[in-house]
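Colleague: Structure in structure tokens, see below.
The values are calculated or read from the model by the stated rules, or taken from the named source; none is laboratory data. The structure presented is a predicted model; accordingly, all values stated were derived computationally and were not measured. Note that we place each Cβ from the backbone using ideal geometry, even for glycine, and neighbour counts take in every protein chain shown.
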Amino acid sequence: MTLTLRCAAATVESMQVLQEMTDDVASLARDAQKVAVLTGAGISAESGVPTFREVQTGLWERFSAQDLATTDAFSANPALVWTWYRWRQSLIRQVEPNPGHIALVEWQRHLAERGGRLTIATQNVDDLHERAGARVLAHLHGSIFTHRCAECGTAAQLPDPTYNGFESPPEPEEPPVCQDCGAHIRPDVVWFGEMLPMEAFEATAATIRNADLVIVAGTSGIVQPAASLPLLALERGTPLIEVNPELTELSETMDYCLRGSSGSLLPALVSAAAAQ
Ligand code: BJW
Ligand code: ZN
């Protein structure tokens, strides 16, 4: 693990996890009463959910995730996009939350017992935070488990898909149609070019403005406007900590970059937070 301090300035090799964190990071975690956490695909990577920048295989080997997560892609090839979402839904059902998700639950409980709070806003459409036992303030990009009509917006209840998420489906499956208007049913997620749910976005902005520590874990910081939310912490000089094995679009803005996996670093941060 590498701990980068004042990210733009210096890099310091550290020892093993908690002991290796500087006093600064450990005391920020220990002293914070209002922690806001923004998560991205990286926090679910150790559960086995691919991130958006990973190369795809099987039916989707010729497409990037960015090509598929659009209304244009759904209009042009509804079966291909629909099957991608149903297959991913199956995969998520087959995997489990990892130590990164679990650490946030522990931190949430620890703070709640002491009159503080930790809020989680996620860009992920999976439910791994919830399955770990966390309360999630906002799913900024929607949920892969709910569906609605692509035209009239009527909610649709569907049975769970039965794909094996660890194998590519043999062929694409047409999406079902709306019982009200006959248009295609789509996943209730936010595609490129679509607005984020206003309530979720505003609630996340408010919790970041109000926080005394902001953690950004497992996101490339490429996709707007979610990636700009942590910058609201700068208004009050609130410390920002990034947890990510790689440099990101947000790294330069961070006060501290913890370079490593969320599955090892978030438990270490929580240990620091709970230390007397
Ligand atoms: C680990 C790890 C481990 C790995 N531990 N970490 C300003 C400038 C330019 C463009 C725009 C702009 N504002 C808006 C745009 C357009 C667009 C946009 O941002 N484009 C960019 C590509 C530039 N944004 C939009 O269109 C948004 N809407 C919007 O702006 O509305 C206003 C509007 C409306 C109409 C017209 C014009 C404007 C909507 C964005 C919706 C994004 N939706 C998706 C798909 C959701 C459904 C689905 O899941 O399929 O959301 S795209 C995809 O990216 C998904 C993710 O939530 C999102 C973010 O990705 P994330 O989470 O950061 O994942 P990765 O894969 O990028 O990164 C993973 C990270 O994990 C990496 O850093 C790894 O290193 C790390 N990692 N292992 C910790 N073990
Ligand atoms: Zn309809």
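Colleague: Given the condition free of Cβ contacts under 8 Å to residues at least 12 places away in the same chain and within 16 Å of ligand 2 (Cβ to nearest atom), answer yes or no: does some residue in the stretch 181-199 qualify?
Modeller: Among the residues of the stretch 181-199, at least one is free of Cβ contacts under 8 Å to residues at least 12 places away in the same chain and within 16 Å of ligand 2 (Cβ to nearest atom), which makes the answer yes.
Colleague: For the subset of the stretch 112-127 comprising residues that are in contact with a strand residue (DSSP E or B) (Cβ under 8 Å, 6 or more places away or on another chain) and assigned to a loop (DSSP other than H, G, I, E, B), which member is surrounded by the fewest Cβ atoms within 10 Å (Cβ to Cβ)?
Modeller: Only one residue tops the list, namely G116.
Colleague: If you don't mind, another one. For T207, indicate whether it is assigned by TED's automatic domain parsing to the domain that holds D31 and within 14 Å of the chain's Cα centre (by Cα).
Modeller: No.
Colleague: Residues of the stretch 39-70 being buried (at least 19 other Cβ atoms within 10 Å of the Cβ), not aliphatic (A, V, I, L, M) and not in a loop (DSSP other than H, G, I, E, B), which ones?
Modeller: Across the stretch 39-70, the qualifying residues are T39, G42, S44, W60.
Colleague: Follow-up question, since we're still on this one. Can you go through A73, A36 and tell me which one is buried (at least 18 other Cβ atoms within 10 Å of the Cβ), away from ligand 2 (no atom under 16 Å from the Cβ) and assigned to a strand (DSSP E or B)?
Modeller: Selected residue: A36, the only one of A73, A36 that is buried (at least 18 other Cβ atoms within 10 Å of the Cβ), away from ligand 2 (no atom under 16 Å from the Cβ) and assigned to a strand (DSSP E or B).
Colleague: I need the full set of residues from the stretch 91-106 which are more than 10 Å from ligand 1 (Cβ to nearest atom) and either exposed (fewer than 15 other Cβ atoms within 10 Å of the Cβ) or part of a loop (DSSP other than H, G, I, E, B) (or both), in order please.
Modeller: Once the filter is applied, which keeps residues that are more than 10 Å from ligand 1 (Cβ to nearest atom) and either exposed (fewer than 15 other Cβ atoms within 10 Å of the Cβ) or part of a loop (DSSP other than H, G, I, E, B) (or both), the stretch 91-106 yields Q94, V95, E96, P97.
Colleague: If you don't mind, another one. Among the candidates R88, R109, which residue alone is over 18 Å from the mean Cα position of the chain (by Cα) and in a helix (DSSP H, G or I)?
Modeller: Exactly one residue qualifies, and that residue is R109.
Colleague: Restricting attention to the stretch 253-261, does a residue exist that is among the β-branched types (V, I, T), assigned to a helix (DSSP H, G or I) and in the same structural domain as A32 (by TED's automatic domain parsing)?
Modeller: Yes, there is a match, as at least one residue in the stretch 253-261 is among the β-branched types (V, I, T), assigned to a helix (DSSP H, G or I) and in the same structural domain as A32 (by TED's automatic domain parsing).
Colleague: Using the structure shown, decide if A226 is buried (at least 19 other Cβ atoms within 10 Å of the Cβ) and within 22 Å of V125 (Cβ to Cβ).
Modeller: Spelling it out, A226 is indeed buried (at least 19 other Cβ atoms within 10 Å of the Cβ) and within 22 Å of V125 (Cβ to Cβ).
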